[in-house]
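Scroll down for the structure; my scribbles are underneath it.
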Amino acid sequence: MSLANCKSLQIIWLLLVIVAGYFVYNLEDQITIYKENGLLESLQAGILLLTCFYMVVVGRNLQGSSRYAAWMFAWICLAFFFREFDVRKTDWPEFAHMIFGKPGQYIWFLPLLFILVQIFRNIRFYLRNILLYLLSPMMLTIILGGVLIVMGAVFDKQIIPTENKFWEEYLETAAYAYLFLAAMLSPTSFKNIEAKAQ
């Protein structure tokens, strides 16, 4: 995918997120959409897991420093999944509760330790090429997702008072949709970074 195609995809994605938000906002039964473990939260969890698995695959197809950057992205998505999805409120089997609930969640810190060790071993590469990462289509999309998460937190903390949780949940869903878009843009971004890296 060329950089021009990346920009086109980002514009199309923005329009999809806005249109989807408009239709969801105008549904008659909003409460079932944004309630705890409702449609939006389930969608968020699904997007995050899909993004995580996709980035693991992307990382496997990369070499060296880019591989660990991709896996760090995957782990961050997994961390957000645990933040959004409370397995205790599901009727999943006990085995799933052990893996995705406490104390099983702490097992997932082991891959993080491995990734962090590899990143620190290659820290000079990342510092030399930090602008390549920051200006890549992938990272710019991640930053936009981060801005949307912060905006969702503004509604969550009632800094901007609202009568319901729609805007919080919608903005978080849009943010995670942008993380998924960043994952789709990542192969092109990593390819360009590797070609220009010093």
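The values are calculated or read from the model by the stated rules, or taken from the named source; none is laboratory data. On a predicted model such as this, the values are computed, not experimentally measured, just so you know. Every residue, glycine as well, gets a Cβ built from its backbone with ideal geometry; the counts of neighbours run over all protein chains shown. The area values use the complete protein model at the heavy-atom level, side chains included, leaving out ligands, DNA and RNA. Shrake-Rupley method; radii C 1.70, N 1.55, O 1.52, S 1.80 Å.
Brief remarks on what is shown
- Subset of the range 119-131 that is hydrophobic (A, V, I, L, M, F, W, C) and without any contact (Cβ under 8 Å) to a residue 24 or more places away in the chain - its residue that is least open to solvent (accessible area, probe 1.4 Å): Ile123
- Single unsatisfied condition, Ala183 versus (1) of a type outside the set (Val, Ile, Thr); (2) under 17 Å from the mean Cα position of the chain (by Cα); (3) surrounded by fewer than 16 Cβ atoms within 10 Å (Cβ to Cβ): (3)
- Just one of the numbered conditions (1) at pLDDT below 90; (2) under 21 Å from the mean Cα position of the chain (by Cα) is not true of Ile130: (1).
- Test: Leu110 is open to solvent by 80 Å² or more (accessible area, probe 1.4 Å) and closer than 20 Å to Ser65 by Cα: yes
- The sole residue among Leu148, Leu134, Leu116 that is touching a helix residue (DSSP H, G or I) at 6+ places or on another chain (Cβ under 9 Å) and crowded, with 18+ Cβ neighbours inside 10 Å is Leu148.
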